[in-house]
1. List the helices (runs of 4 or more DSSP H) that sit entirely inside region 74-156 and contain at least 3 residues that are touching a Cys at 6+ places or on another chain (Cβ under 7 Å), more than 17 Å from I26 (Cα to Cα) and modelled with pLDDT under 95.
2. Which one of R92, R39 is exposed (fewer than 12 other Cβ atoms within 10 Å of the Cβ) and within 22 Å of A134 (Cβ to Cβ)?
3. Return the residue satisfying two criteria in turn: it lies in region 63-89 and is of a type in the set (S, T, Y) and surrounded by 15 or more Cβ atoms within 10 Å (Cβ to Cβ), and of such residues it is farthest from S128 (Cα to Cα).
4. What's the number of the condition E63 fails, among (1) among the acidic types (D, E); (2) under 15 Å from the mean Cα position of the chain (by Cα); (3) not in a helix (DSSP H, G or I)?
5. Quick one: F46 ticks every box in (1) surrounded by fewer than 18 Cβ atoms within 10 Å (Cβ to Cβ); (2) closer than 23 Å to N27 by Cβ; (3) in contact (Cβ under 8 Å) with a residue 60 or more places away in the chain bar one, so which box is it?
Amino acid sequence: MRRPLKNKKQLTPDGVYGNINVAKLINYIMLDGKKNVARKVVYDAFEILKGEDGKTDPVEIFETAIQNVGPSMEVRSRRVGGANYQVPVEVRKERRLSLALRWIIAAAKSKKGSNMSKRLADELLAASKGEGEAVTKKENTHKMAEANKAFAHFAW
């Protein structure tokens, strides 16, 4: 039997944009407890997304990117009768958000040559257009789930 879910602490929205998902992005980028450095990276990336005209909304681009990167299906390993099967399961909303943020940050970190805020802005912009490494990762996850659809009856 599964243990009950823990009561998760509610995150306070970030100070500049008043968005909880932006606060989560800051926390995911943070290394060694250096939150101010993470805030600077995220806010600089959002300034880059605003553009020179200042009319485009960076939070809107960020939300679109999360929507485009978050997977709806994934495979989980399941042992049945001595064999391991990759069983496709639907992804919960919280996990979809955390996977999307994790994949976007990993894609930005994998690029070299410029500072992190520029790489993050580029990856967010690409993801909002349905391109980039993070979107490719989502498509690969969906392909794996589709390929293993025959084992869906093993889902628990």
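1. Of the helices (runs of 4 or more DSSP H) lying wholly inside region 74-156, none has at least 3 residues that are touching a Cys at 6+ places or on another chain (Cβ under 7 Å), more than 17 Å from I26 (Cα to Cα) and modelled with pLDDT under 95.
2. R92
3. Step by step, filter region 63-89, then rank; the result is Y85.
4. The failed condition is (3).
5. Just one mismatch for F46, condition (1).
The values are calculated or read from the model by the stated rules, or taken from the named source; none is laboratory data. If you're wondering where the values come from, they're calculated on a predicted model, not measured in any experiment. FYI the Cβ positions are ideal-geometry reconstructions off the backbone, even for glycines, and counts take in every protein chain you see.
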